[in-house]
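Student: I have a structure here, written as structure tokens, and I will follow up with some questions on it.
The values are calculated or read from the model by the stated rules, or taken from the named source; none is laboratory data. What you see is a predicted model, and the numbers here were worked out from it, not measured in a lab. We place every Cβ from the backbone using ideal geometry, glycine too, and count neighbours over all the protein chains shown. Heavy atoms of the whole protein, side chains included, go into the accessibility calculation; ligands, DNA and RNA do not. Shrake-Rupley method; radii C 1.70, N 1.55, O 1.52, S 1.80 Å.
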Amino acid sequence: MAQLIDGKAIAAAVRADVAGGAAAFLEDAGRKPGLRVVLIGEHPASQSYVRAKARAAGEAGIEAETLRRPADLSQDDLLTLIADLNADPAVDGILVQLPLPDQIDETAVIRAIDPAKDVDGFHPENVGKLVLGEETLEPCTPAGIVEMLRRSGVETSGAHTVVVGRSNIVGKPMASLMLRRGIDSTVTVCHSRTRDLPSITRQADILVAAIGRPEFVTADMVKSGATVIDVGINRVEDETRERGYRLVGDVAFDAVLEVAGAITPVPGGVGPMTIAMLLQNTLQAARRRG
Ligand code: NDP
């Protein structure tokens, strides 16, 4: 039976470290690190992510504010808002919660954010630095996974890491981070066109599932003793729950638990780490800006 990797507990430790750093920053700089989260429209999952991010930031001694705008906000108005935040000396981190409504071009928005305040790590300048192995603001979800592996003592050097999913926010940066010197994994990235996926996932010492399909990774796709990181957050209908749904990952948890060496739960695995790394990025951005 696999060991459970407790993302919630590890995230709490990261958040405590950030709180210490934020207190020291306040002493030195005379202000708290500042985070602005921009939420456009009423997307239900986005609303709950944004609430969790703002609450966690406040608890860590970060001055966080959520800027809510209507779903029909124009792209020009959003770009003006971002320009204002870029120019505001009290703001260290800017996060525009994705997805955005159809009338807004996500790429243009990401490019408009000052790379020094890009706490999501999505700006092309930061992505380029990541690929080059330079220090930068790293995308929160993959950075959180690396931190979780490190704090759980999972050996990454020479390990075969198989990432299923090639999105810009999870799969691709995950691959770049695992390749980095000091982490030194051998990396394979799979996607919807990959042939005979199970034959590849079965080779993984570390398997990262970032697919967006409930319980897609089954026990026969996992090598005995592998570390399985489940990034997926999927809502599936469940009438026994008051809210009418429950959250499941991309991994068939109960069955894979029997095969894997270690596994992250959903919820309580990667999700809390993503938020913790956002706080860490905000503190890092504040320190660099002074
Ligand atoms: P995307 O939809 O952007 O990417 C999904 C990837 O999975 C794509 O690369 C796609 O391949 C691949 N894929 C889809 N179907 C298959 C298949 N049958 N076989 C192999 N690969 C497949 O999703 P994201 O990366 O944004 O998110 C993935 C999941 O992680 C979601 O459930 C999301 O909610 C969750 N998430 C969780 C976070 C957290 O904090 N825990 C943060 C971010 C995301 P192709 O490119 O060929 O289409």
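Student: Given the conditions (1) in contact (Cβ under 8 Å) with a residue 40 or more places away in the chain; (2) open to solvent by less than 80 Å² (accessible area, probe 1.4 Å); (3) more than 18 Å from the chain's Cα centre (by Cα), and given that ILE229 satisfies all but one, which numbered condition is not satisfied?
Tutor: (3)
Student: Now for a different question. Just name the residue that is nearest to the chain's Cα centre (by Cα) out of those in the stretch 55-74 that are closer than 19 Å to LEU100 by Cα and aliphatic (A, V, I, L, M).
Tutor: LEU67
Student: Let me confirm something: among ALA71, ALA90, ALA23, ALA64, which residue is over 26 Å from GLY249 (Cβ atoms), modelled with pLDDT of 95 or more, in a strand (DSSP E or B) and among the small types (Gly, Ala, Ser)?
Tutor: Working: ALA71 fails: in a strand (DSSP E or B); ALA90 fails: in a strand (DSSP E or B); ALA23 fails: in a strand (DSSP E or B).
None of the other options fit; the residue is ALA64.
Student: Report, ordered by the first and then the second residue, all pairs with beta carbons closer than 9 Å, sequence separation of six or more or different chains, a first member in the stretch 113-127 that is of a type in the set (S, T, N, Q), and a second member that is in a helix (DSSP H, G or I).
Tutor: What qualifies is ASN126/PRO115.
Student: Restricting to the stretch 210-221, and then to whatever is in contact with a strand residue (DSSP E or B) (Cβ under 6 Å, 6 or more places away or on another chain) and of a type in the set (A, V, I, L, M, F, W, C), can you tell me which residue is nearest to the ligand (Cβ to nearest atom)?
Tutor: This residue is ILE211.
Student: Just for the stretch 1-25: of the residues that are under 17 Å from the mean Cα position of the chain (by Cα) and not hydrophobic (A, V, I, L, M, F, W, C), which one is least open to solvent (accessible area, probe 1.4 Å)?
Tutor: First, pick out the residues of the stretch 1-25 that are under 17 Å from the mean Cα position of the chain (by Cα): 5-15, 18.
Within this subset, residues satisfying the condition of being not hydrophobic (A, V, I, L, M, F, W, C) are 6-8, 15.
Working: ASP6: 75, GLY7: 0, LYS8: 140, ARG15: 73 Å².
It comes out as GLY7.
Student: Is it fair to say THR240 is under 30 Å from THR107 (Cα atoms) and either in a strand (DSSP E or B) or not basic (Lys, Arg) (or both)? Working first, answer last.
Tutor: Details: under 30 Å from THR107 (Cα atoms): no; either in a strand (DSSP E or B) or not basic (Lys, Arg) (or both): yes.
Against the criterion (under 30 Å from THR107 (Cα atoms) and either in a strand (DSSP E or B) or not basic (Lys, Arg) (or both)), THR240 does not qualify.
Student: Considering only residues of the stretch 215-226 that are open to solvent by less than 70 Å² (accessible area, probe 1.4 Å) and part of a loop (DSSP other than H, G, I, E, B), which is farthest from SER152 (Cα to Cα)?
Tutor: Taking the stretch 215-226 as the starting set, the residues that turn out to be open to solvent by less than 70 Å² (accessible area, probe 1.4 Å) are 217-219, 221-222, 225-226.
With the extra rule that they be part of a loop (DSSP other than H, G, I, E, B), the set shrinks to 218, 222, 225-226.
Numbers: THR218: 23, VAL222: 20, GLY225: 15, ALA226: 14 Å.
Among those residues, the one meeting the criterion is THR218.
Student: Tell me, which residue of the stretch 242-277 that is open to solvent by less than 20 Å² (accessible area, probe 1.4 Å), of a type in the set (A, V, I, L, M) and touching a residue at least 60 places away in the same chain (Cβ under 8 Å) is nearest to the ligand (Cβ to nearest atom)?
Tutor: VAL270
Student: Could you check, for the stretch 72-80, whether at least one of its residues is β-branched (Val, Ile, Thr) and surrounded by 15 or more Cβ atoms within 10 Å (Cβ to Cβ)?
Tutor: Our first condition is that a residue be β-branched (Val, Ile, Thr); within the stretch 72-80, this holds for 80.
Pick out the ones that are also surrounded by 15 or more Cβ atoms within 10 Å (Cβ to Cβ) and you get none.
Checked against the condition, which is being β-branched (Val, Ile, Thr) and surrounded by 15 or more Cβ atoms within 10 Å (Cβ to Cβ), the stretch 72-80 yields no hits at all.
Student: Do we have any residue at all in the stretch 40-48 that's part of a strand (DSSP E or B), surrounded by 15 or more Cβ atoms within 10 Å (Cβ to Cβ) and not small (Gly, Ala, Ser)?
Tutor: From the stretch 40-48, those part of a strand (DSSP E or B) are 40; that's our starting set.
Within this subset, residues satisfying the condition of being surrounded by 15 or more Cβ atoms within 10 Å (Cβ to Cβ) are 40.
Retained after the next criterion (residues that are not small (Gly, Ala, Ser)): 40.
Within the stretch 40-48 (the criterion being part of a strand (DSSP E or B), surrounded by 15 or more Cβ atoms within 10 Å (Cβ to Cβ) and not small (Gly, Ala, Ser)), the answer is yes, since at least one residue qualifies.
Student: Considering only residues of the stretch 278-290 that are surrounded by fewer than 24 Cβ atoms within 10 Å (Cβ to Cβ) and more than 18 Å from GLU147 (Cβ to Cβ), which is nearest to the chain's Cα centre (by Cα)?
Tutor: Residue satisfying both the conditions and the ranking: ARG288.
Student: Additional query: Filter the stretch 26-39 for residues that are assigned to a helix (DSSP H, G or I) and aliphatic (A, V, I, L, M); which is surrounded by the most Cβ atoms within 10 Å (Cβ to Cβ)?
Tutor: Start the filter on the stretch 26-39 by keeping residues that are assigned to a helix (DSSP H, G or I), which leaves 26-29.
This time we only want the ones that are aliphatic (A, V, I, L, M), so: 26, 29.
Numbers: LEU26: 16, ALA29: 14.
Among those that are assigned to a helix (DSSP H, G or I) and aliphatic (A, V, I, L, M), it is LEU26.
Student: Suppose we filter the stretch 222-241 for residues that are aliphatic (A, V, I, L, M) and away from the ligand (no atom under 16 Å from the Cβ); how many remain?
Tutor: Within the stretch 222-241, the first condition is being aliphatic (A, V, I, L, M), and the residues that meet it are 222, 226, 228-229, 231, 233, 236.
Still in the list and also away from the ligand (no atom under 16 Å from the Cβ): 226.
So the answer is 1.
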